[in-house]
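The values are calculated or read from the model by the stated rules, or taken from the named source; none is laboratory data. This structure is a prediction, so every number in the text was calculated from the model and none was measured. In this analysis, Cβ positions are derived from the backbone assuming ideal geometry, glycine residues included, and neighbour counts consider all displayed protein chains.
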Amino acid sequence: MAKKSEVSKQITPLGDRVLVRPFEESELEKKTVSGIIIPETIDKEKPEQGEVLAVGEGKFQDGQLITPSVKKGDKVIFSKFGYDEVTVEGEEFYLIKSDNILAVINK
């Protein structure tokens, strides 16, 4: 299993992309803080939450560099189909455009 620090040294996201380690099932909440129970069918789908391991420098728009609004260590929620899978030493990671990151989880 690849360590988080090793992977972030091996892969540097370009542009406005972000390297994310998806949460494993045991890390996902089964019940929200407000008490809403998440259905069991969610377990059959890939997680849509993860931890940011590395962040690209950003993209140029109208001559200005726009940097991603997330940083290394943030826990994020991202679009279900808005990522590219990357496998390093048998472990799966996601490269996600910053536009496909929907929220930062504040815990």
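For region 10-28, which positions are over 23 Å from THR67 (Cβ atoms) and of a type in the set (Ser, Thr, Tyr)? Correct list: SER26 only.
Residues in region 67-84 that are charged (D, E, K, R) and surrounded by 13 or more Cβ atoms within 10 Å (Cβ to Cβ): LYS72, ASP74, LYS75. Answer yes or no: is there a residue in region 4-13 that is at pLDDT below 90, within 26 Å of VAL88 (Cα to Cα) and either basic (Lys, Arg) or in contact with a Ser or Thr (Cβ under 8 Å, 6 or more places away or on another chain) (or both). Within region 4-13, one or more residues are at pLDDT below 90, within 26 Å of VAL88 (Cα to Cα) and either basic (Lys, Arg) or in contact with a Ser or Thr (Cβ under 8 Å, 6 or more places away or on another chain) (or both). Taking every residue in region 56-67 that is on the phi > 0 side of the Ramachandran plot and of a type in the set (Gly, Ala, Ser) and pairing it with any residue that is surrounded by 10 or more Cβ atoms within 10 Å (Cβ to Cβ) and part of a loop (DSSP other than H, G, I, E, B), at least 6 positions away or on another chain, the pairs with Cβ-Cβ distances below 9 Å are GLY58/GLY15; GLY58/ASP16; GLY58/THR67; GLY58/PRO68.
Checking LEU65, LEU95 one by one, the residue that is under 19 Å from the mean Cα position of the chain (by Cα), assigned to a strand (DSSP E or B) and modelled with pLDDT of 90 or more is LEU95 and no other. Against the list (1) assigned to a strand (DSSP E or B); (2) modelled with pLDDT under 95; (3) touching an Asp or Glu at 6+ places or on another chain (Cβ under 6 Å), the condition LYS80 fails is (1). Every test in (1) buried (at least 17 other Cβ atoms within 10 Å of the Cβ); (2) at pLDDT below 95; (3) not aromatic (Phe, Trp, Tyr) is passed by LEU19 save one, and that test is (2). Kindly provide the set of residues from region 89-107 that are under 16 Å from LEU19 (Cβ atoms) and free of Cβ contacts under 8 Å to residues at least 24 places away in the same chain, ordered by number. Answer for region 89-107, where residues must be under 16 Å from LEU19 (Cβ atoms) and free of Cβ contacts under 8 Å to residues at least 24 places away in the same chain: just ASN100.
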